[in-house]
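**Student:** First the structure, which I've put down as structure tokens, then a few questions once you've had a look.
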């Protein structure tokens, strides 16, 4: 009989999403999974991954002059999705249990890779960048305008397909470079 209490990650770690531990979370699994996970539940005109979105947020934070902690938080802000998947915002708001597991997993990820949780202010900066990227991603890859006010961004979102291996490598490289600065 198959044990249904865990998933097997890319690196073959048996991961239980309801009882995650820091030892079962590695950056290679996060980078790999997010590089293959599509944004907008697959409704963009081209393949654009969650990892690409995280990289864009990280680079935007750098262009805005934010420190390496904020940049790395931007890179990791969707890392939990490597283990519990991406759920569209309108549905996610209705899933209380999912949100509890997501928060628990995010906290473990932040504590492991950032050595602490972001402050409320730091997290608000990350969410601001995240929402600005969301707006521009939908505008570019879908043609949809999500709000009356267009947030400004400095980062130029790539509009051509980038294969997942290159995205995965860039994610890990950014992580390695930024984590050395903490």
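**Student:** If you take the residues in the range 11-38 that are farther than 16 Å from residue 109 by Cβ and touching a residue at least 12 places away in the same chain (Cβ under 8 Å), which one is surrounded by the most Cβ atoms within 10 Å (Cβ to Cβ)?
**Tutor:** My answer is 35.
**Student:** Taking the range 131-156, which residues are part of a helix (DSSP H, G or I) and either at pLDDT below 95 or farther than 19 Å from residue 86 by Cβ (or both)?
**Tutor:** Across the range 131-156, the qualifying residue is only 139.
**Student:** Sticking with this one: Could you please give the count of residues in the range 161-182 that are free of Cβ contacts under 8 Å to residues at least 12 places away in the same chain, closer than 15 Å to residue 47 by Cβ and part of a loop (DSSP other than H, G, I, E, B)?
**Tutor:** 1
**Student:** Across the range 99-121, what is the number of residues that are buried (at least 17 other Cβ atoms within 10 Å of the Cβ) and either without any contact (Cβ under 8 Å) to a residue 60 or more places away in the chain or on the phi > 0 side of the Ramachandran plot (or both)?
**Tutor:** Looking only at that region, the number is 4.
**Student:** Can you tell me which residue within the range 61-98, out of those that are under 16 Å from the mean Cα position of the chain (by Cα), part of a loop (DSSP other than H, G, I, E, B) and without any contact (Cβ under 8 Å) to a residue 40 or more places away in the chain, is farthest from residue 24 (Cα to Cα)?
**Tutor:** Step by step, filter the range 61-98, then rank; the result is 87.
**Student:** Residue by residue through the range 39-54, note down the ones that are in a helix (DSSP H, G or I) and either touching a residue at least 24 places away in the same chain (Cβ under 8 Å) or buried (at least 21 other Cβ atoms within 10 Å of the Cβ) (or both).
**Tutor:** 39, 40, 41, 50, 51, 52, 53, 54 - these are the residues of the range 39-54 that are in a helix (DSSP H, G or I) and either touching a residue at least 24 places away in the same chain (Cβ under 8 Å) or buried (at least 21 other Cβ atoms within 10 Å of the Cβ) (or both).
**Student:** If you take the residues of the range 160-181 that are out of contact with any helix residue (DSSP H, G or I) (no Cβ under 6 Å at 6 or more places or on another chain) and more than 16 Å from residue 27 (Cα to Cα), which of them is surrounded by the most Cβ atoms within 10 Å (Cβ to Cβ)?
**Tutor:** This residue is 162.
**Student:** Can you say whether residue 144 is touching a helix residue (DSSP H, G or I) at 6+ places or on another chain (Cβ under 7 Å) and without any contact (Cβ under 8 Å) to a residue 12 or more places away in the chain, as far as the supplied structure shows?
**Tutor:** On the way: touching a helix residue (DSSP H, G or I) at 6+ places or on another chain (Cβ under 7 Å): yes; without any contact (Cβ under 8 Å) to a residue 12 or more places away in the chain: yes.
Yes; evaluated as a whole, the condition is true for this residue.
**Student:** Take the conditions surrounded by fewer than 15 Cβ atoms within 10 Å (Cβ to Cβ) and within 21 Å of residue 152 (Cα to Cα) and apply them to residue 63. Does it pass?
**Tutor:** yes
The values are calculated or read from the model by the stated rules, or taken from the named source; none is laboratory data. What you see is a predicted model; the values in this text were computed from it and never measured. All Cβ positions, even for glycine, are placed from backbone atoms using ideal geometry, and neighbour counts span all protein chains on display.
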